[in-house]
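Reading through the structure tokens given below for one structure.
The values are calculated or read from the model by the stated rules, or taken from the named source; none is laboratory data. The structure displayed is predicted, hence computed values, not measured ones. Please note: Cβ atoms are built from the backbone with ideal geometry, for glycine as well, and neighbour counts cover all protein chains shown.
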Amino acid sequence: MSRFLRTIVALIVGSAFLAVLSPAPQATATAARVLRYDASRAAEFRGVVDQAAQIWNSSVSNVQLVAGTPADFVVYADNGWPRAQPTSLGRGYVWMGRQATSQGHNPLRIATHEIGHILGLPDRRTGRCTDLMSGASAGTSCTNPNPNAAERAEVEGNFAGWPVTPQVEFNKIYEDRALEPVR
């Protein structure tokens, strides 16, 4: 074999060897996990459920909520208190309870809060209107439907694709009943 040919073969083999040993380039963006929701049984709350999904879509990038079936979570309307039952991360059931709205709680805040449970967030009864997951503890004057920076970061972490344990308990029903005053 000629010296020129040996040099070419050595370059090809060396390049292949380096390619095998080099780490793979890291993706710069994580593809969003798409969650489908079915709000066809949400009655008069269907529009606010769609708005709540859009709030989450504009707040986080690792998950995207879209209306459709088969659904990862289903939203119902009933006469009780709002509640959610996450069965696993991104899956479960939401009930938009008319009792809370009849007492003056904001329907959009309720929908965004309850979807927060599906996204892995637990109740945090801080009483602060800036905390979406404070729920009814913020009172009826609170109409803020937006997750705060910590809540957004927690959802991003839940759907980042690396092992994480969401703070929400699966198969537990989170009912956002207003706390009764102590007498």
Review point. For Ala149, all conditions in the list (1) among the aliphatic types (A, V, I, L, M); (2) touching an Asp or Glu at 6+ places or on another chain (Cβ under 9 Å); (3) free of Cβ contacts under 8 Å to residues at least 40 places away in the same chain hold save one; what is the number of the exception?
Key: (2)
Review point. Do you know which residues across the range 39-69 are over 15 Å from the mean Cα position of the chain (by Cα), within 18 Å of Pro86 (Cα to Cα) and surrounded by 14 or more Cβ atoms within 10 Å (Cβ to Cβ)?
Key: Ala39, Arg41, Ala42
Practice item. Could you check Phe17 against (1) at pLDDT 55 or above; (2) surrounded by 10 or more Cβ atoms within 10 Å (Cβ to Cβ); (3) of a type outside the set (Gly, Ala, Ser) and say which number it fails? Key: (1)
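This table checks each residue for (1) under 23 Å from Lys172 (Cβ atoms); (2) in contact with a Gly (Cβ under 7 Å, 6 or more places away or on another chain); (3) at pLDDT below 95.
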residue: Asp38; (1), (2), (3): yes, no, no
residue: Pro70; (1), (2), (3): no, no, no
residue: Val74; (1), (2), (3): yes, no, no
residue: Ala84; (1), (2), (3): yes, yes, no
residue: Thr87; (1), (2), (3): yes, no, no
residue: Met96; (1), (2), (3): yes, no, no
Point to revise | Qualifying positions in the range 103-133 - crowded, with 18+ Cβ neighbours inside 10 Å, assigned to a loop (DSSP other than H, G, I, E, B) and either modelled with pLDDT under 95 or acidic (Asp, Glu) (or both) | key: Asp123, Asp131
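Tell me, please, whether a residue that is among the hydrophobic types (A, V, I, L, M, F, W, C), out of contact with any Cys (no Cβ under 6 Å at 6 or more places or on another chain), at pLDDT 95 or above and assigned to a helix (DSSP H, G or I) can be found in the range 135-144. Spell out the reasoning first.
Keep residues of the range 135-144 that are among the hydrophobic types (A, V, I, L, M, F, W, C), which gives 136, 138, 142.
Okay, now just the ones that are also out of contact with any Cys (no Cβ under 6 Å at 6 or more places or on another chain), so 136.
Applying the additional criterion that residues be at pLDDT 95 or above yields none.
No.
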